């Protein structure tokens with residue numbers, strides 16, 4: 001965190017009544033809102049440590065001893081609802097639950113939206129229940145840009161969470177699957193240059209609203225991996241995404257197993273001619289995209305028109321993997 005924010009949090013933590021000037025709390029929340037959403041879990045631990053967000057505080061008595069006394073956090077929350085955004089990171093599950101119950105307005109940034117999402121997977125069940133109710137209240141009012149930027153951070157790994165149940169999962173899918181959110185997310189995936197955007201797209205494929213954006217992603221996305229993923233979906237006319245892991249036996253006698261990923265799939269609603277998709281893919285500047293197109297060409301080699309001219313050009317491709325596939329087409333043209 002920025003040093004100024006840490007200093008303000010430490011001032012809040014050391015104050016006996018936890019009641020600094022209102023502009024201090026406002027400035028703290030504004031500064032925290034600028035943090036990236038993918039840092040919410042780590043930042044939450046730092047926030048709780050700096051602001052001493054735990055139920056008790058150590059105080060020195062008049063005779064010189066040290067004793068513990070409860071923090072007045074619940075009273076502060078009742079007086080100032082804005083403190084709920086800070087208490088989302090509280091060490092006390094009771095305070096996290098109370099903070100979620102106090103939130104009535106949508107978060108002002110992806111960082112605070114991610115803080116609510118993290119509570120959907122909280123280790124305390126009543127907190128998860130409160131987070132679900134909070135999400136049902138405020139998620140419909142979350143702006144599409146805020147939700148899309150948060151989806152870029154969470155779609156890659158939230159499926160690995162183990163504590164949340166179907167209700168918590170469904171409320172988050174209801175946010176990320178909104179058509180307006182998917183439109184902004186597709187724009188981010190098209191123009192993005194850094195990050196695991198193809199992985200994000202793979203998980204976004206579970207939402208049918210992404211289908212109408214696949215053609216644009218396949219042709220215009222900056223990252224080749226995003227173009228290749230979108231092209232593969234369009235050619236196969238099927239979207240698949242990982243949903244978890246399961247154990248597969250290798251040797252039951254010796255009790256040897258391995259963990260393998262589990263995926264779900266669905267038919268996509270876009271029906272683009274496969275021939276045109278293959279030709280567009282072969283003309284792509286990235287070998288990653290061309291490999292997807294040539295693999296589809298191999299699968300359709302017996303009916304693809306003008307394949308001999310295409311194979312002749314592929315034999316001169318600068319990518320060895322493409323030339324190997326072209327050589328296979330030469331040897332197995334009529335198989």
* **Whole-angstrom Cα spans of the chain along principal axes, big to small** => 95, 54, 33
* Asked: Quick one: Kirkwood hydrodynamic radius for the range 1-176, alpha-carbon pairs, angstrom, one decimal?
  -> 16.7 Å
* Asked: Rounded, prolate or oblate: which fits the range 254-304, taking a ≥ b ≥ c as square roots of the Cα gyration tensor eigenvalues, rounded meaning a/c under 1.5, else prolate when a/b beats b/c?
  -> prolate
* Asked: Between residue 236 and residue 300, what length in nm is gained on full extension when 0.36 nm per residue of separation is reduced by their alpha carbon distance?
  -> 21.9 nm
* Asked: In nm, to one decimal, how far is the modelled label at residue 258 from the one at residue 45, with both set 7 Å along Cα→Cβ?
  -> 3.2 nm
* What distance in nm separates the simple spin-label points at residue 267 and residue 6, each placed 7 Å from Cα in the Cβ direction? -> 5.7 nm
* Where a label projected 7 Å from the Cα of residue 170 along Cα→Cβ would reach, residues of the range 94-134 with amide N under 18 Å -> 120-121, 128-134
* Structure fact -> Expressed as a whole-number percentage, the relative contact order of the chain with C-alpha contacts under 8 angstrom and at least six residues apart is 10 percent
* **Global form of the range 185-334, assessed from the alpha-carbon gyration tensor, a/c cut-off 1.5** => oblate
* Asked: Pulled fully out, how much extra length does the chain show between residue 160 and residue 75, if you take 0.36 nm times their separation in residues and subtract their Cα-Cα distance?
  -> 27.0 nm
* Between residue 108 and residue 308, what is the label-to-label distance in nm when each label sits 7 Å out along the Cα-to-Cβ direction? -> 7.0 nm
* With a ≥ b ≥ c the root eigenvalues of the C-alpha gyration tensor of the range 276-335, is it rounded (a/c under 1.5), prolate (a/b larger than b/c) or oblate? -> oblate
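Throughout, read-outs are computed from the coordinates displayed, never taken from laboratory work. Just so you know, these numbers come straight off a predicted model, no measurement behind them. Methodologically, a virtual Cβ is constructed for each residue, glycine included, from the backbone with ideal geometry; neighbour enumeration extends over all protein chains shown.
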